[in-house]
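Q: Handing you this structure, nothing more for now.
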Amino acid sequence: MPPNMQQEPLLKQASFVNNFWSKNKSGMVQLLDYIKSTHDDLDIVYSIYTQRANLEKEFGEKLLALSNAQELDAPAEDGVAGAYQAIAMELKKTAESHIDLSNKLKDQVASELETKLSEYRALFDKWNKTLQQVYDERQEKTIELLRVRSQYLKEHDLAKGQSNPSLDKL
């Protein structure tokens, strides 16, 4: 490509500002669709964290069961029995850490994300309703202005450009 030639952008930039007052609500639709897509993305992230928490819990429980099965009746520190005891202890510690991670993911990450997501959805519904009210009001005013304009043009055509009392009122 020659150095002075400008390349077309790969993605068309979406502009809320340039479309908000269009007749077909394209700016509002564009904004609301974007917000909905971010909520969908947050739903996916929430799902990932809850699934991860469940996997960590399952894995921890399986390790704990394996640890309990390997425990000896009498504590041992030397020889093969001591090795079994050490393996069982390490399995138990690893199991506890996975279960702890599962609880932290559920309690701290997933629950906070779920709370924020529900707050965002409530705000979205509020904004959506407000934007729709503004749009409806704008449409009513536009229709009223078009009606007045039509009446004015009709009166103007009847008067053939001369001033009359009904035109003076408008």
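Each value in this text was obtained by applying a stated rule to the coordinates, not by laboratory testing. Keep in mind that this is a model prediction, so the values were computed, not measured. Reconstructed Cβ throughout: ideal geometry from the backbone, glycine too, with neighbour counts over all protein chains shown.
Q: Aspartates and glutamates within cross-link reach of K62: Cα-Cα under 17 Å, excluding same-chain residues under 8 positions apart?
A: E71, E90, E96, D100
Q: Let me ask something else about it. Going by a ≥ b ≥ c, the root eigenvalues of the Cα gyration tensor, does the range 25-169 fall in the rounded group (a/c under 1.5), the prolate group (a/b larger than b/c) or the oblate group?
A: Prolate.
Q: For the pairs K25/K106; K36/K104; K36/K141, flag any whose C-alpha to C-alpha distance is greater than 32 Å.
A: Among K25/K106; K36/K104; K36/K141, the Cα-Cα distance tops 32 Å for K25/K106.
Q: Counting only C-alpha contacts under 8 Å and six or more residues apart, can you give the relative contact order of the range 25-169 as a whole percent?
A: 27 percent
Q: Follow-up question, since we're still on this one. Along Cα→Cβ, 7 Å out, is where each label goes; now give me the distance between the ones at L145 and N54 in nm to one decimal.
A: Going by the 7 Å Cα→Cβ label model, 5.4 nm.
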